[in-house]
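This report concerns only the one structure given below.
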Ligand SMILES: Cc1ncc(C[n+]2csc(CCOP(=O)(O)OP(=O)(O)O)c2C)c(N)n1
Ligand SMILES: [Mg+2]
């Protein structure tokens, strides 16, 4: 764990005669190239600012003051070989890696040909697949956990190179559409600002990187401010280097990031440490921010002139210029010539970008989901295999939903070496020697659904994660970007919220925002729901509509064993991110048990199941309400002769509108029943659609039965009163049938 502090000056290492002199390993030509990039970066900012003032672009974020560390990182790392999660101030880094100013202006004008996003993201939100610059977003810090996953992905490939191949014989799955590339000594780069180091995700990422000894470089570009908040108010003690110094396995650098030569030296050491496999590195670069936070900010409101002038003396553009002159690498004429060339190049790029066509409005829904593999298609429609009858003449054993989920996971892991499973407590036993010495049996999840998988597939495919939900989803997202298929577990739905930023602002939107440049088809398995007698507020929640409201995320909610097996397999093989909701109460229920339908059994998404046909009333439901609604419907038929058509949606996004519409057209009455709180719930959307599109078919108002608008209480009497019970369903069905 070396700690190197480089003096804040343009460090010079003499090495032989003047012409062949090297500067921390950089040649004179490389230094001229570095200046060209630094100058270009600053001038792209200036041009964009002008274009914004002329209302020809719509937003601007500058990289001004950060050019020194950016160009140094770009020279020390390899585009298309290493992987990059740069933040919005990394213009110089991106230029050094091969992004052109024209590419950048295309994003500014929001052109169809903007290679980062096709007009979907604001400028400085980099995404260049061939350079391995992974699509970036705006939430401060959400890139960091994904970079951890990316580094983990690279290491997985190095250890499992065969997994990168796609067996030609298998039925199509996401692997057909994922090119995997990796290098044994690759490094992942991630950068962030000083303010962003306050985000919890940063600390989760530091912990995960240290635990995994990952080849990951954290670059904190410390310009002393997060918009108007100065570093001493942001970071306890004012130094992020001091705070992180206790993390094990790291190599630390602290450097003047306005000095490209010193920064290059620091980066070289960091890169070497990572490439050699010692662990992660942390580069703390002190930079400046001469252009306010953004065009919407005026830093004179909170920074006096004297402070700003002090910063200006460290401006990387002028410092580098002075350095080249002082060292005789370029004279004044040479500098003028270089700058003239850059100006001409930029003017040409601006002119061309201003002529670029905007995207077609009808393209807005492209790439919300995979254009290659539709999980609602017949590709995912396979027949269940009838189980072999036991020789003793008895019926094949009916398995619980928990059993069939485990069996499906096992068979899929056998079929596809890209699948990794992690989450809280999912491993059999992290201390492997206990298993080897047969001292313990192993746990395999708090509900035991992953029991035996670590023992069977090894602990680099099934492992425990630190207790950090954002990290579970963020790391999975980074791994999936690299072509792995993480099937992660969130232990209880009630605790999914720390991962919400990763799910809503990252996982679900990565394909869309990168215009299909990147994708991350992760499966998140989540134990959900109540009816537990004792689960109380924090082990009983539903809330699925919050997730069906997210474009780009598939949401599945099976009610029985066979559906769980078929839908989980579709979730794993499909090319979109999936939230797979498993009702805890149904895990071991006697309702809906079934024999294992075989290792290739799949159910397409968005296909409901008619649990029982009927003519008088349609009940649309899913999850644990299915058996309760069935009980109520059977009673209603027995007592009143009312025939209810009961529809189990099974999949909530996409959902099966055709089956609902056909049923309501037949029965003319619709009841939507769900376990979540009534108001703003999933059923509200279904009810609204029925009212809107089937108005002329209805003989009665569309009704809903759901939980009361409170959280689930501990005392079973209260829980019963809160959640929809068979009798509530019975009364609502009866009333609607009589309407
Ligand atoms: C999660 C989140 N919260 C707030 C913001 C609004 N915001 C954008 S940049 C920024 C300050 C970032 O400061 P720092 O990390 O120091 O980076 P700098 O801009 O100084 O380079 C804030 C608060 C955001 N984008 N994301
Ligand atoms: Mg800052």
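Values quoted throughout were computed directly from the atomic coordinates according to the rules given, and no laboratory measurement underlies them. Since the structure is predicted, the reported quantities are computational estimates derived from the model, not experimental observations. We place every Cβ from the backbone using ideal geometry, glycine too, and count neighbours over all the protein chains shown.
The table for this structure:
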item	result
Length released on extending from residue 394 to residue 680, taking residue separation times 0.36 nm less the Cα-Cα span	98.2 nm
Angle between the chain longest axis and helix 469-481 axis [Cα atoms, degrees, rounded to 10]	70 degrees
Viscosity 1.306 mPa s, temperature 10 °C, Stokes-Einstein D of the range 168-277 from Kirkwood C-alpha radius, µm²/s	98 µm²/s
Using alpha carbons only: equivalent-ellipsoid semi-axes of the chain, gyration tensor based, whole Å	54, 29, 23
Debye intensity ratio in log₁₀ form over the Cα atoms of the range 79-185, taken at each q of 0.17 Å⁻¹	-0.88
Modelled FRET efficiency - R0 56 Å, residue 643 with residue 170, Cβ distances, 0.05 increments	0.80
Potential lengthening between residue 718 and residue 456 on full extension [0.36 nm per residue; Cα-Cα distance subtracted]	90.0 nm
Residue order, fewest to most beta carbons within 10 Å, for 637, 221	637, 221
With Cα atoms, 0 to 90° folded angle of helix 316-326 axis to the chain main axis	30 degrees
Dimensions (Å) - the range 13-119, Cα atoms, principal axes, largest first	52, 29, 19
Rounded to whole Å, sorted largest first: equivalent-ellipsoid semi-axes of the range 513-602, Cα gyration tensor	26, 20, 8
Residue 179/residue 665 FRET efficiency (R0 45 Å; Cβ-Cβ; nearest 0.05)	0.45
Pairwise label distance in nanometres, residue 81 with residue 590, each label 7 Å out on the Cα-Cβ vector	6.5 nm
Diffusion constant of the range 602-691 at 20 °C, which comes from Stokes-Einstein with the Kirkwood Cα-pair radius and 1.002 mPa s, µm²/s	163 µm²/s
CD proxy at 222 nm, helix term only [per DSSP H run n ≥ 4: -39500 (n - 2.57); per residue of the chain; nearest 500]	-11000 deg cm²/dmol
Cα shape, the range 230-301, gyration tensor, a/c 1.5 rule	oblate
Computed over the range 308-382, Cα set: Rg, Dmax in Å	25.3, 73
For 50, 75, order by how many other beta-carbon atoms lie within 10 Å, fewest first	50, 75
Per-selection Rg to Rh, the range 346-416 - Cα, Kirkwood hydrodynamic radius	1.40
Förster radius 60 Å - calculated FRET efficiency between residue 700 and residue 242, Cβ distance, rounded to 0.05	0.30
The range 231-390: projected area of the alpha-carbon convex hull, averaged over directions, in nm²	22.0 nm²
In degrees, nearest ten, helix 260-275 long axis to first principal axis of the chain (Cα)	40 degrees
Proxy reagent accessibility, fewest Cβ within 10 Å first, across 66, 160	160, 66
Extension gain (nm, one decimal) between residue 294 and residue 113, 0.36 nm per residue minus Cα-Cα	62.7 nm
Amide N of the range 643-670 lying under 16 Å from the label point, which is placed 7 angstrom from the Cα of residue 610 along Cα→Cβ	643-650, 656-670
Backbone N within the range 447-473 under 20 Å of label point (7 Å from residue 162 Cα along the Cβ vector)	453-462
